[in-house]
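The values are calculated or read from the model by the stated rules, or taken from the named source; none is laboratory data. Keep in mind that this is a model prediction, so the values were computed, not measured. Neighbour counts are summed over all protein chains in view; Cβ atoms, including those assigned to glycine, are modelled from backbone coordinates with ideal geometry. Accessible surface areas use protein heavy atoms only, side chains included; no ligands, DNA or RNA. Shrake-Rupley method; radii C 1.70, N 1.55, O 1.52, S 1.80 Å.
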Amino acid sequence: MVASAAQLAQGRVPLEQRDYCGHHLLRLLRCHRDNFPVPWGCHALHHAWDSCQHEDYVMRMKEFERERRLKQRQQRIRRRHGDSE
């Protein structure tokens, strides 16, 4: 994580959104506060936060799939060694 827990707490980022992309959300919330009546002034920051969320999701799914395939491979290897012994 780029932002510390203290920075996220000071920026009043909700607990459920304090994740890997919290530093982008921190900048976005600050922009929303500074440009209150004009929400479209923070479009680039919103896009950066959204992209970070998507990339984080994709990486977690890839890791999950990798772990699942490694488990399946280990089970196949155990079965083969169990049959040959």
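Scalar couplings 3J(HN,Hα) for the stretch 60-72, obtained by applying the Karplus form with A = 6.51, B = -1.76, C = 1.60 to θ = phi - 60°, are 5, 5, 5, 5, 4, 5, 4, 4, 5, 5, 5, 4, 4 Hz; x denotes Gly and Pro. Heavy-atom accessible surface of residue 25, to the nearest 10 Å², is about 10 Å², with a 1.4 Å probe and all protein chains retained. Once the chain from residue 67 to residue 83 is taken as fully extended at 0.36 nm per residue, the excess over their C-alpha distance is 3.3 nm.
In this structure the chain gives 84 Å² per residue of accessible area when probed at 1.4 Å with all protein chains present. With every protein chain in place and a 1.4 angstrom probe, the accessible-area ranking of 43, 24, 32, 81, largest first, reads 43, 81, 32, 24. The accessible surface of the stretch 5-83, taken with every protein chain in place and a 1.4 Å probe, is 54 percent carbon and sulfur.
Backbone phi angles across the stretch 26-39, fed through the Karplus curve with coefficients 6.51, -1.76 and 1.60 (θ = phi - 60°), yield HN-Hα couplings of 4, 5, 5, 5, 5, 5, 4, 5, 6, 10, 3, x, 10, x Hz in residue order; Gly and Pro are listed as x.
Net charge of the neighbourhood of residue 71, taken over other residues with C-beta under 12 Å away and scored Lys/Arg +1, Asp/Glu -1, is +4. The chymotrypsin sites (Phe, Trp or Tyr not before Pro) of the stretch 16-85 that meet both conditions, a loop assignment by DSSP and at most 16 other Cβ atoms within 10 Å of the site Cβ, are 20. When the Cα atoms of the chain are aligned to their principal axes, the ranges along those axes come out at 72, 26, 17 Å in descending order. Solvent-accessible surface of protein heavy atoms, probed at 1.4 angstrom with all chains present, puts 50, 19, 34 in the order 34, 50, 19, largest first.
The loop-placed trypsin sites (Lys or Arg not before Pro) in the chain, going by DSSP, that have at most 14 neighbouring Cβ atoms within 10 Å of their Cβ come out as 12.
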